[in-house]
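Scroll down for the structure; my scribbles are underneath it.
Every number in this text was worked out from the coordinates using simple rules, so none of it is lab data. This is a predicted model, so every value here is computed, not measured. Reconstructed Cβ throughout: ideal geometry from the backbone, glycine too, with neighbour counts over all protein chains shown.
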Amino acid sequence: MGSERSYWVHILASETGGTLYIGVTNDLVRRVYEHRTDAVDGFSKRHAVHRLVHYERFDQIEFAIQREKRVKKWTRAWKIELIEKTNPQWVDLYPAIASP
């Protein structure tokens, strides 16, 4: 995913049209893996939010955090529109990013 420092805003879903989780990280593969394996107690574990359906890359953490906060405040319809703009079938994107 590149050798320069990257930050990622990501959206995970429990299923197509299901519960959504929005987060920010500096290691997308590791963080999504933690969600998928329920490594950390919390929202994603309680709601089985394991499917990566959207992500955006940023060069600066400030911009990533700003985007995460903004998207979290959006209506559910806007979040779904964002996902479906690039991933209309809600395909789990994790296998593609986790492959070497």
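The aspartates and glutamates within cross-link reach of LYS79, meaning a Cα-to-Cα straight distance under 17 Å and a gap of 8 or more places when in the same chain, are GLU15, GLU56, GLU68, ASP92. For the chain, the mean residue ellipticity at 222 nm estimated from helices alone is -11500 deg cm²/dmol, where every DSSP H run of n ≥ 4 contributes -39500 (n - 2.57) and the total is divided by all residues, rounded to the nearest 500. Here is the list for region 48-100: chymotrypsin sites (Phe, Trp or Tyr not before Pro) lying in DSSP coil, each with at most 15 other C-beta atoms within 10 angstrom of its C-beta, are TRP74. Over the chain, Cα pairs under 8 Å with separation of 6+ residues give a relative contact order of 33 percent. Distance from the alpha carbon centroid of region 47-65 to that of region 73-91 works out to 13 angstrom.
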